[in-house]
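> The structure under discussion is supplied below as structure tokens; questions concerning it will follow.
The values are calculated or read from the model by the stated rules, or taken from the named source; none is laboratory data. Fair warning: this is a prediction, and the values are worked out from it, not measured in the lab. In this analysis, Cβ positions are derived from the backbone assuming ideal geometry, glycine residues included, and neighbour counts consider all displayed protein chains. Calculation scope for accessible area: heavy atoms of the full protein, side chains included, ligands and nucleic acids excluded. Shrake-Rupley method; radii C 1.70, N 1.55, O 1.52, S 1.80 Å.
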2 protein chains.
Amino acid sequence: MKLSTAIMLTAGLMTGAQAALANSELRDRASTMFSAVPKYPPVIDGNELTAAKVELGKMLFFEPRLSSSHLISCNTCHNVGMGGHDYLPTSIGHGWQKGPRNSPTVFNAVFNSAQFWDGRAADLAEQAKGPVQAGVEMSSTPERVVATLSSMPEYVERFKDAFPGEENPVTFDNMATAIEAFEATLITPDAEFDQFLRGNDSALNEEEQEGLALFMDKGCAACHGGVNFGGEGYYPFGLVTRPGAEILPEGDKGRFAVTETASDEYVFRAAPLRNIELTAPYFHSGAVWSLEEAVAVMGTAQLGTELSDDEVQSIVAFLKTLTGDIPEVRYPELPPSTDETPRPAPMSALN
Amino acid sequence: MKLSTAIMLTAGLMTGAQAALANSELRDRASTMFSAVPKYPPVIDGNELTAAKVELGKMLFFEPRLSSSHLISCNTCHNVGMGGHDYLPTSIGHGWQKGPRNSPTVFNAVFNSAQFWDGRAADLAEQAKGPVQAGVEMSSTPERVVATLSSMPEYVERFKDAFPGEENPVTFDNMATAIEAFEATLITPDAEFDQFLRGNDSALNEEEQEGLALFMDKGCAACHGGVNFGGEGYYPFGLVTRPGAEILPEGDKGRFAVTETASDEYVFRAAPLRNIELTAPYFHSGAVWSLEEAVAVMGTAQLGTELSDDEVQSIVAFLKTLTGDIPEVRYPELPPSTDETPRPAPMSALN
């Protein structure tokens, strides 16, 4: 048994009452740092989640005609059947171009305080406008998107229903607002850790509880806290020891590109760790496939500590208890293109 | 009112009894040429549709890791939310390569007597093996597919359940068999035409009934008959008048590539017309976006007749009654990649 953690958990060395007390102390401590994913989507200021808006947002999320090629939808890189991302180091976009950073999961993204690895979008609605226009992703324009959606009577009706009272509801902004509404429903409640937090002692086994204790003791929770175990603050990658260029490529200076402040060089938003076992490969570079390796890298780079193999194993075992119930998504039925729908961009056009 | 069709349908010129008789005659005649899409999937020889196999097949249908890039799944080009295809002239595949022919809809494909535009696959299981290996589509190999699926314990379990009693159930053939089982469930019953065929006189309005009569009178039904309104026989495109190269590219000789028989030059399988309003653009070249234009081209090319605008309109109105109930598909939850899962092919490798 490891004695390096603050709390001894082995039942063999504790009475039932002692074990219950240890559980209770661990839970109390964890409760000050983390919270459970709620069963229902959160309230979003200025974006009421009506059924009409969420359903429209789902259609738009799956709509490849938001891309100029008509091939790429939000779901291409944020696949709801694959942990909300694409299992690629960095995504493939328009013209088979390689994106610059690893695609973050859409699951629970609504709980992040800002979006993208560098936090350059304040919320999911602002985020949604980025990839649609990015030349290496969907490569479209707001004008093309509005022309596309306006060309299909069913979309026009659905925008009217989702944004009642607006004279011209089919707008690029409303597209983003509807997508945000749908994405807010993509939350994963009831992870084993959340069950433990709610009072179920047996939801985490000994190794997992040990991993949780380590996660707090070693300092991981300083950056990876809250409901999403991250996604809230910005920290230099390589706070103590800068990782090699294979993990931290020199050309990507992170949040520096947003703030143009020297101290923001190589600063990134702490990755949210919910469902982390479903979101390999890891880091903004997507360079590390193994969760064990990712945890070890974090130890040296951020905490200046060489975690033992046993410690890494325990932390990984704990991190796997952050996998929640995957949302059920019925594939939406998208309306047919019409004579007015802008045609897919020619294959050769990489713009 | 048009008098060119055999049956006068305008209620204003007919008594109720006459109209009912006309409906009945039209239905009787149609029943000799077409049949309704059944409510339940058909029986497939040698491939029992168990729940375990259909669910596995659905996962595989949505599984981008069957492609070497990990980007492209069956659903990319046969999108169940978009009429079972991709609204592209020809599909985009591995490395952003352009496929040679328009992607046929997966809906009701189980009723076709053979698969692909040239009928080179006898059934859906044989078909499924093609795109997975094609260099311009998913660009994988049977060995890579088996290694990929074997690397994820959940797939191994699901293959065991879907193919009970087999010693090594994770095979390329079984992948195809499971995909066929799922695809067999993608049928679209209860189209307005089918309701009419079953005895509901009001399921088709006057113009639609006139279009149906024209469809039979003009000879369309000779090639586009059966449950799928096509998908059964092979015919030269340009039987009477060869269309221009923009519609019938000279380089694609159709079934000739399969049979190497001179008389099969530019011969293609008659396209199934179920849900045709959802499957633009049309023809194997995907060169024609308008259904009206496609019908007119068929008139001159195959029937040697210049259909009037009114006739085209009526036929199109009728064809739109072939849109059935779109199958409900819950997005499957795919297992995470493991350390043993072959990594996505490098971006630069177009092989």
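> Where the convex hull is taken over the Cα atoms of the protein assembly as shown, what is its projected area averaged over directions, in nm²?
That works out to 35.1 nm².
> If packing is taken as the mean number of other Cβ atoms within 10 Å per residue, what is the order of A:285-291, A:177-183, highest first?
Averaged packing, sorted descending, gives the order A:177-183, A:285-291.
> Given H placed on each backbone N at 1.01 Å, which residues far from A:A121 in sequence or on other chains put an amide H within less than 5 Å of it?
Distant-sequence amide H within range of A:A121: A:Q115.
> While we're on this one: What figure in square angstrom, to the nearest 10, would you give for the accessible area of B:R269 with a 1.4 Å probe?
Rounded to the nearest 10, that gives 10 Å².
> Given a 1.4 Å probe, how much area per residue of the protein assembly as shown is accessible, in Å²?
Numbers: 27620 Å² over 702 residues.
Each residue of the protein assembly as shown exposes 39 Å² on average to a 1.4 Å probe.
> Another question, then. Give the Rg/Rh ratio for chain B, taking Rg as the radius of gyration of the Cα atoms and Rh as the Kirkwood radius, to two decimals.
Ratio of gyration radius to Kirkwood radius for chain B: 1.02.
> Right, another one. Show me you know the interface measure: the accessible area buried between A and B, both chains summed, probe 1.4 Å, in Å² to the nearest 100.
3700 Å²
> Calculate I(q)/I(0) for the stretch A:293-351 by the Debye formula, one identical point scatterer on each C-alpha and no solvent, and give its log10 at q = 0.18 Å⁻¹ to two decimals.
Results for the stretch A:293-351 at q = 0.18 Å⁻¹ read -0.76.
> If you don't mind, there's one more thing I want to ask. Send over the per residue convex hull volume for the stretch B:190-321, Cα only, as a whole number of Å³.
101 Å³
> Using θ = phi - 60° and the Karplus form 6.51 cos²θ - 1.76 cosθ + 1.60, what ³J(HN,Hα) does each residue of the stretch B:64-70 get, whole Hz, x for Gly and Pro?
Coupling constants for the stretch B:64-70: x, 6, 6, 9, 5, 7, 6 Hz.
> In the stretch A:73-112, which residues become less accessible by 40 Å² or more once every protein chain is in place, relative to the chain on its own, using a 1.4 Å probe?
Listed by number, the residues meeting the 40 Å² cut-off are A:G81, A:M82, A:Y87, A:L88, A:I92, A:W96.
> Another question about this same structure. Keeping all protein chains in place and using 1.4 angstrom, which order do B:D28, A:D123 fall into by accessible surface area, from largest down?
Correct descending sequence by accessible area is B:D28, A:D123.
> Students often get this wrong, so check it: of A:K58/A:K129; B:K58/B:K129; A:K58/A:K160; B:K58/B:K160, which have C-alpha atoms separated by over 18 Å?
On the way: A:K58/A:K129 15 Å; B:K58/B:K129 15 Å; A:K58/A:K160 16 Å; B:K58/B:K160 16 Å.
Those over the limit do not exist; all pairs fall within it.
> Can you tell me what share of the DSSP beta bridges in the protein assembly as shown is antiparallel? A percent to the nearest 5 is fine.
80 percent
> Which residues' amide hydrogens lie under 5 Å from the amide hydrogen of A:V267, considering only partners 5 or more residues apart or on another chain, with H built in the peptide plane?
Sorted by chain and number, the residues that satisfy this are A:F237, A:R255, A:F256.
> With respect to the axis carrying B onto A, what is the closest chain B residue by Cβ position, and how many angstrom separate it from the axis?
Closest to the rotation axis on chain B: B:W96, 2.
> Cα atoms only, the stretch B:51-185: Rg and Dmax in Å?
That works out to 14.1, 44 Å for Rg and Dmax.
> Shifting gears a bit: Quick one: with label points 7 Å out along Cα→Cβ, list the inter-copy distances for B:E157 in nm, shortest first?
Those label-point separations list as 4.3 nm.
> Please list, ordered by chain and number, the residues whose modelled amide H lies under 5 Å from the amide H of B:S73; skip anything fewer than 5 residues away on the same chain.
Excluding prolines and chain starts, which carry no amide H, there are no hits.
> Report in % the part of the accessible area of the stretch A:214-284 that belongs to carbon and sulfur, leaving out ligands and nucleic acids; probe 1.4 Å.
C and S fraction of accessible area: 52 percent.
> Tell me the mean residue ellipticity at 222 nm calculated for chain B from its helices only (DSSP H runs of n ≥ 4, each -39500 (n - 2.57), averaged over every residue, nearest 500).
One gets -9500 deg cm²/dmol as the mean residue ellipticity at 222 nm.
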